[in-house]
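Before any comments, here is the structure.
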Amino acid sequence: MASESRVRCEIDFEASGRQAGYLRAPFGLQVIKFNQAQPPANDVNFRLAVQAALDMEEIMAISYADIYQMDPSWLYPGAAFHSAAGSDKYNKSDLKLAKELLAKSAYKGGKVTFITDNLRPNVDTATLVQQKLKEIGIEVDIAVSDWPTVSKIGFTPTGWTFWTHGFGIEPYEGPGSVMAPWVNGLSQQAKDPEIDRIAAAFNAEMDEAKRKALFDAFQKHMYDAGVAMKAGNYGVFQASTAKLKNFKPYRIPRMWGVWLEP
């Protein structure tokens with residue numbers, strides 16, 4: 001199923017009857033965040049244990065069936081700075097390693113909270129994380145609410161340990177936008193001097209090769225420190241009347257240069 005879904009992400013569906021269907025991928029990244037302001041996620045070994053345990057392909061295959069891509073990069077395929085840095089820690093699904101890392105952490109039991117809005121793929125992601133982490137001895141409670149409530153909690157230092165949602169426009173805008181949400185500890189709720197250093201150097205650097213190396217360093221640090229986890233890329237279905245001609249699917253539909261035939 002995995003290879004089939006990756007292929008299907010790159011093709012359009014043929015016009016059928018009076019409608020034409022398209023699959024645009026990628027549309028966003030599925031991201032799972034840690035709240036580093038509070039135990040146990042302020043412990044790097046706890047975060048690395050979770051990262052090692054998760055089967056990201058299972059998460060994507062269930063949350064975004066037939067419209068996902070497995071890809072470790074925090075930029076979309078085809079981007080100039082698309083990177084494989086840190087990919088050795090991506091999609092490990094290694095429960096033995098996870099248990100070893102968890103034993104080194106300060107976590108000794110107790111429930112942690114996974115917040116999510118009520119979109120089905122996000123609830124599915126939280127549920128799969130809950131099930132997998134149970135296998136290594138981490139108890140997860142899932143708290144589902146509307147997006148305004150969840151996003152308000154997710155940008156505060158209390159009330160959550162994990163949070164999942166899409167990360168869409170930033171990878172299109174480029175590496176600087178991908179790094180920005182982690183500067184000054186905004187998304188992880190704890191400052192990360194290495195990210196702040198890399199982002200400052202990136203913004204001051206004009207040489208493209210050096211900028212690429214800095215983004216590679218950022219992405220490697222995301223994996224090495226378990227700052228946050230990327231599950232994969234997901235797509236979106238788009239549909240139009242079959243009378244619409246010269247339409248090409250984009251992340252946000254572009255309607256210039258198209259016309260309707262009788």
Below 15 angstrom from the Cβ of Phe34, what's the summed charge of the other residues (Lys, Arg +1; Asp, Glu -1)?
+2
Using every alpha carbon pair in the stretch 153-252, what percent of pairs falls into each 10 Å bin from 0 up to the bin containing the largest distance?
12, 38, 27, 14, 8, 1
Semi-axes of the equivalent ellipsoid for the stretch 33-120, Cα gyration tensor, largest first, Å:
25, 17, 14
Enter the accessible area per residue of the stretch 122-242 (Å², integer; probe 1.4 Å; all protein chains in place).
43 Å²
Just the number, please: Stokes-Einstein D of the stretch 108-176 in µm²/s, Kirkwood Rh from C-alpha pairs, 10 °C, 1.306 mPa s.
122 µm²/s
Order of 63-71, 98-106, 43-51 by packing, highest average Cβ count within 10 Å first?
43-51, 63-71, 98-106
Where the accessible area of the stretch 80-199 is counted over protein heavy atoms with a 1.4 Å probe, how much of it, in %, is carbon and sulfur?
55 percent
What are the equivalent ellipsoid semi-axes of the chain, built from the alpha-carbon gyration tensor (square roots of five times its eigenvalues), in whole angstrom, biggest first?
33, 23, 17
Proximal lysines to Lys212, defined as alpha-carbon separation beneath 18 angstrom and excluding residues fewer than eight positions away on the same chain
Lys220
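The values are calculated or read from the model by the stated rules, or taken from the named source; none is laboratory data. Everything numeric in this text was worked out from a predicted model, so none of it was measured. Please note: Cβ atoms are built from the backbone with ideal geometry, for glycine as well, and neighbour counts cover all protein chains shown. Only protein heavy atoms, including side chains, enter the accessible area calculation; ligands, DNA and RNA are left aside. Shrake-Rupley method; radii C 1.70, N 1.55, O 1.52, S 1.80 Å.
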